[in-house]
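Reviewing the structure listed below.
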Amino acid sequence: SIVHACLMLAFLCLASNTCAVSASDIKGISFFEQHIRPLLIDRCLECHTPEKLKGGLRLDTLKGMLEGGDSGPALALGDPKASLMIKAVQYSDAELQMPPKNKLGKRTIEHLREWIAMGAPWPGESSHSIDTTARSQDGEEANKEGHAPAIKKDYWAFQPLPDQHFASLDEVIESRLSEKQLTPNPEASRRTLIRRAYFGLIGLPPTHAEVQSFETDERPDAFEQRVDHLLSMPGYGERWGRHWLDVVRFAQSNGYERDDEKPEAWRYRDYVIKSFNEDKPYDQFMQEQLAGDEMPHTGDEGIVATGFYRLGVYDDEPDDKRAAEFDGLDDMLRTSSETFLGVTAGCARCHDHMFDPIPQKEYYEMLSFFRSAKPYPDGFRDIKDGKAMAMTEQGPHPVDTFVLVRGNAGRPSSKVEPRFPTFLGGGKPSPVPTEQSTGLRRSLAEWMSNDAASLAARVMANRVWHYHFGKGIVTTPNDFGRAGEPPSDIRLLNWLARELIQGGWSIKHLHRVIMQSKAWKRSSTSNPANETTDPDNRFLWRQNLRRLEAETIRDAMLKVTGILNRGGRGGRGFFPALNGEVVAGGSRPGRGWGWSSEQEQNQRSIYAFVKRTMVYPFFEIFDYT
């Protein structure tokens with residue numbers, strides 16, 4: 001068949017590739033802290049702890065859930081349908097309905113179902129119990145031993161960048177190789193280098209003629225010329241835009257049962273692609289997404305950029321509108337702090353952060369920067385060519401923000417004011433309000449690219465390195481805190497971050513620096529002597545073997561078969577053809593899924609319509625995430 005032939009051609013042509021490091025454990029614990037711990041504390045532990053063991057069931061430990069009570073185990077790991085807990089909260093059994101007084105909302109049940117499907121991630125050992133007294137009624141810290149361990153003031157991630165002590169990237173890496181007595185691999189073949197560059201920068205394989213041309217090019221700057229050529233191609237923005245969209249949870253639908261379309265979400269995707277192609281300075285790119293509507297001279301592009309806030313899941317029929325409002329605000333804060341600062345601030349919504357120096361009060365001080373933002377779907381803004389799914393505010397006067405006891409929207413306590421986090425220097429903002437806006441998000445954006453620039457640069461430099469080597473110097477790119485992995489080489493990360501800033505925050509400059517290094521150009525062949533000392537290649541004596549992502553496999557198939565549609569760029573996107581079984585598998589079969597011509601379907605995968613509950617089967621086969 002044609003599909004089989006395409007697959008064979010694809011596998012024959014693909015040799016150099018890249019993939020994201022799995023962070024499922026970190027994602028699971030974060031999900032637990034955000035959704036499950038508050039649920040258990042507020043709705044379950046009154047009756048299911050050793051002090052009050054109704055039905056013989058403990059719900060304050062994972063071990064207790066697995067052992068179960070009088071009715072049997074509460075959980076079947078990875079299988080929500082077989083879990084007694086799900087049956088109980090759905091009220092599907094007349095004799096087992098929990099909680100007995102007020103049924104959980106459908107969104108809360110969905111969170112519980114998703115947690116079980118993940119394998120019920122639990123911080124610490126399975127017998128580790130939830131501390132129900134870690135937060136007093138007014139939201140202030142209960143001074144309990146072992147609660148919220150503090151990071152030392154000299155913690156590496158939160159320090160200013162030191163002065164450079166190395167003249168080049170290679171000098172940093174070679175010094176570590178020398179210390180460890182590791183022999184670096186030689187440079188890869190020219191064929192491997194050009195294929196690695198093509199896949200790395202534009203996500204497509206070179207033609208046979210392009211490979212031959214480079215192999216016979218004797219100019220001393222031949223490789224630099226090819227890199228510059230690739231960076232100038234539209235495919236560069238599509239390749240690296242795809243990476244960014246993964247980070248910021250981009251999709252074109254809301255999720256949940258209806259999973260309706262987010263109108264105009266595609267404008268944000270096109271903004272990202274354009275920004276990478278134009279090499280927009282990263283500090284400006286960051287500021288526009290956080291506060292493009294509050295900044296002068298950004299125009300429609302700045303308004304579209306704030307679609308960043310509106311990309312997450314959205315319940316258009318919430319059980320509790322007040323809780324849904326704060327869930328939306330929490331999504332804004334979580335995504336902003338993790339994307340730009342590598343800080344999991346959202347874990348402090350209900351209690352002091354368990355690992356990093358973020359008290360619950362400071363979570364709400366940070367949340368107050370976003371408190372006046374108008375939530376979707378009312379946040380559409382008129383622009384020159386239509387409407388944008390964007391951010392707007394109610395006016396110059398900020399909405400009051402209160403600490404919520406255990407994160408419960410119905411239990412406000414002490415009022416807080418906007419304040420930058422203490423672990424990054426603290427201080428109050430000096431916003432400049434307008435008739436339409438408080439100016440608070442703009443002050444936060446400017447702070448991130450100035451006072452917090454060292455951390456912001458480290459995080460972005462690590463992301464760029466991650467996609468060039470298959471894993472970051474910090475392998476938990478969204479978590480630079482104590483729960484994340486420490487850097488394999490802090491000197492290397494600091495060098496790259498400093499280079500990013502000194503290079504005018506140019507991402508293309510950082511590509512050039514990395515791709516000219518000996519480390520990037522090394523072969524990926526094994527070396528038994530080195531593998532004894534450094535089996536994980538932490539010290540970069542070779543290049544890492546990497547996998548191609550699902551989208552890149554598909555794009556390469558289209559190119560090598562000569563049917564890639566390079567002209568169809570931008571807009572709402574195309575709908576991949578789905579068979580009846582896939583469509584029927586949706587909660588509302590066929591809802592929100594359109595039809596596209598064959599030519600439209602031959603566009604690059606970044607333009608495929610992204611619907612949360614209906615993933616294109618080809619992508620799923622190749623581990624689309």
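At-a-glance table
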read-out	value
Rg [Å, one decimal], Dmax [Å, integer] - the chain, C-alpha atoms	25.3, 80
Within the accessible area of the stretch 231-338 (1.4 Å probe), percent carbon and sulfur	49 percent
Gap separating the Cα centres of the stretch 372-421 and the stretch 535-582, nearest whole Å	37 Å
Peptide ranges 444-452, 343-351 listed from the most packed, as the mean C-beta count within 10 angstrom indicates	343-351, 444-452
Solvent-accessible area, 1.4 Å probe, carbon plus sulfur percent, for the stretch 548-625	50 percent
Expected 222 nm ellipticity per residue - DSSP helices of 4 or more, -39500 (n - 2.57), all of the chain, to 500	-11500 deg cm²/dmol
Total charge dipole magnitude, the chain, about the Cα centre, Cβ charges on Lys, Arg, Asp, Glu only, Debye to nearest 20	660 debye
Cross-link reach list, aspartates and glutamates versus LYS180, counting only Cα pairs under 16 Å and skipping chain neighbours closer than eight places	ASP170, GLU171, ASP489, GLU531, ASP534, ASP536
Chymotrypsin sites (Phe, Trp or Tyr not before Pro) lying in DSSP loop within the stretch 309-381, provided at most 10 other Cβ fall within 10 Å	none
Under-5 Å amide H pairs with SER83, H placed in peptide plane, nonlocal only	ALA76
Long-range amide H partners of LEU57 with built H, under 5 Å	ASP70
Long-range HN-HN contacts of SER253 with modeled amide H, under 5 Å	LYS262, ARG612
Proximal charge balance of SER275 [Cβ under 15 Å; K/R count +1, D/E count -1]	+1
Alpha carbon centroid spacing (whole Å) that separates the stretch 270-300 from the stretch 595-621	27 Å
Loop-located GluC sites (Glu not before Pro) in the stretch 496-570 whose Cβ has at most 12 other Cβ within 10 Å (DSSP)	none
Table column - 3J(HN,Hα) (Hz), the stretch 69-82, Karplus curve with 6.51, -1.76, 1.60, x for Gly and Pro	x, 4, 8, x, x, 7, 10, 10, 3, x, 9, x, 4, 8
Surface share of carbon and sulfur [accessible, 1.4 angstrom probe, percent] for the stretch 424-489	47 percent
Positive-end residue, the chain charge dipole about Cα centroid, Cβ charges, pick of LEU161, VAL582, ALA120	VAL582
Accessible surface, per residue, of the chain when the full set of protein chains is kept, probe 1.4 Å, Å²	44 Å²
In the stretch 201-255, the GluC sites (Glu not before Pro) that fall in loop regions by DSSP, at most 14 other Cβ within 10 Å	GLU218
Whole-Å distance, taken between Cα centres, linking the stretch 40-62 and the stretch 449-474	42 Å
Rounded to the nearest 10 Å², the accessible area of VAL583 at probe 1.4 Å	40 Å²
Signed unit charges on C-beta, dipole axis of the chain, positive-most listed residue PHE423, SER437, GLY573	GLY573
Length added when fully stretched, PHE31-VAL583, from 0.36 nm per residue minus Cα-Cα	195.9 nm
Relative contact order (%) - criterion: Cα under 8 Å, at least six apart; region: the chain	18 percent
Rough spin-label spacing in nm, given labels placed 7 Å along Cα→Cβ, for ARG612 and VAL399	2.0 nm
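The values are calculated or read from the model by the stated rules, or taken from the named source; none is laboratory data. All values reported here derive from a predicted model rather than from experimental measurement. Quick reminder, even Gly has a Cβ in these numbers, built from the backbone with ideal geometry, and neighbours come from all protein chains shown. Ligands, DNA and RNA are excluded from the accessible area calculation, which covers all protein heavy atoms including side chains. Shrake-Rupley method; radii C 1.70, N 1.55, O 1.52, S 1.80 Å.
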